[in-house]
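What follows is a set of notes on a single structure, which appears directly below.
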Amino acid sequence: MSLTAPSESTPLSQLFSLEGKVCLVTGGNRGIGLAVCQGYAEAGAAGIAIIHSREATAKLASERATEIQQKHPKTIVRIYRANVAVSKDIEDVTKQVFSDFGRLDVVVANAGVYTETPALEMSSEEAQYVTGVNYFGPLYTAQAAARIFKENGGGKIIMTASINGHMVLRPQYESIYCATKAAVCHLTRALAVEFAQWNIQVNAVSPGYIDTEMTTELVNKNPELIKAWMADCPAGRLCKVWELKGVYIFLASGASSYVTGADYVVDGGHTCH
């Protein structure tokens, strides 16, 4: 088997549509993950599985799912809980999503955590925690997805990486975060090569500075950060989270049929320096 091609006669609007597709998004209850879920509903997805990680986030996830469902009544939205750093957790939940919806077409490994602890102050526990979520989480999520896709004709895996995987940003210290995101960038390429034989595409999105709750928390602690970031960003502003919808829809749709192993940098030109 190889990557399948759409028919030449397929209308462009249909290529970009997610009609009939079922999509799973880890960390889909806030930030980038929530925007991805909203975008997939707008693109006509038949089903969306929002994966959250803690009991404390269940209420928020439920509220977000209800909001999407009410705005897009043709899309079935369900929430599930899993710790992506635990292989069995994400494996079991992915199987449950497939069972509940009867199919699975797109899996977005988006869940992640951030730290700016300086390297010499970082405990082994914190390093292992960040690595567990940011690197092993995408690996385990991709494994769970690929096992289902392999037996069902293929599918699409999308990793949320970061420009931190391409460069070291300033002035904050992000050594372990940078390392995990760089690992995800290369993991994407390695899995793309390995999984293509089963008609599975693996791609990544590397966002720059996005206007999310996480970014707001950082800036509230240190207002000078924004000035430093924008000095290096030709766009001169933070990216609105909804501006990422397009690239995630493209990678989930038939329009990206020959794209695999790619890493889409969406950073307002930040990495051009």
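None of the figures in this text is laboratory data; all of them are computed from the coordinates on show. Since the model is a prediction, treat every value here as computed from it, not as a measurement. Quick reminder, even Gly has a Cβ in these numbers, built from the backbone with ideal geometry, and neighbours come from all protein chains shown.
Structure values in brief
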{"read-out": "Unsatisfied cross-links (Cα-Cα over 25 Å) in the set K74/K150; K59/K150; K59/K227; K59/K95; K59/K181", "value": "K74/K150; K59/K150; K59/K227; K59/K181"}
{"read-out": "HN-Hα J in Hz across the stretch 78-84 - Karplus 6.51, -1.76, 1.60, θ = phi - 60°, x for Gly and Pro", "value": "10, 10, 9, 10, 7, 8, 5"}
{"read-out": "Of the DSSP H helices in the chain, those whose Cα atoms cover at least 18 Å axially and whose Kyte score averages -0.5 or more", "value": "137-151, 175-195"}
{"read-out": "Ranked E217, E194, criterion: other C-beta atoms within 10 Å, fewest first", "value": "E217, E194"}
{"read-out": "Relative contact order of the chain, pairs being alpha-carbon contacts under 8 Å that are 6 or more residues apart, as %", "value": "22 percent"}
{"read-out": "Gap separating the Cα centres of the stretch 157-196 and the stretch 1-42, nearest whole Å", "value": "22 Å"}
{"read-out": "Cβ-based exposure ranking for K71, K245, in which fewest neighbours within 10 Å come first", "value": "K71, K245"}
{"read-out": "Helix-derived mean residue ellipticity, 222 nm - over the chain, DSSP H n ≥ 4, -39500 (n - 2.57), to 500", "value": "-13000 deg cm²/dmol"}
{"read-out": "Whole-Å distance, taken between Cα centres, linking the stretch 45-70 and the stretch 229-273", "value": "24 Å"}
{"read-out": "Amide H contacts of D263 (H built 1.01 Å from N, under 5 Å, at least 5 apart or other chain)", "value": "A204"}
{"read-out": "Footprinting exposure proxy for L244, L251 (fewest neighbouring C-beta atoms within 10 Å first)", "value": "L244, L251"}
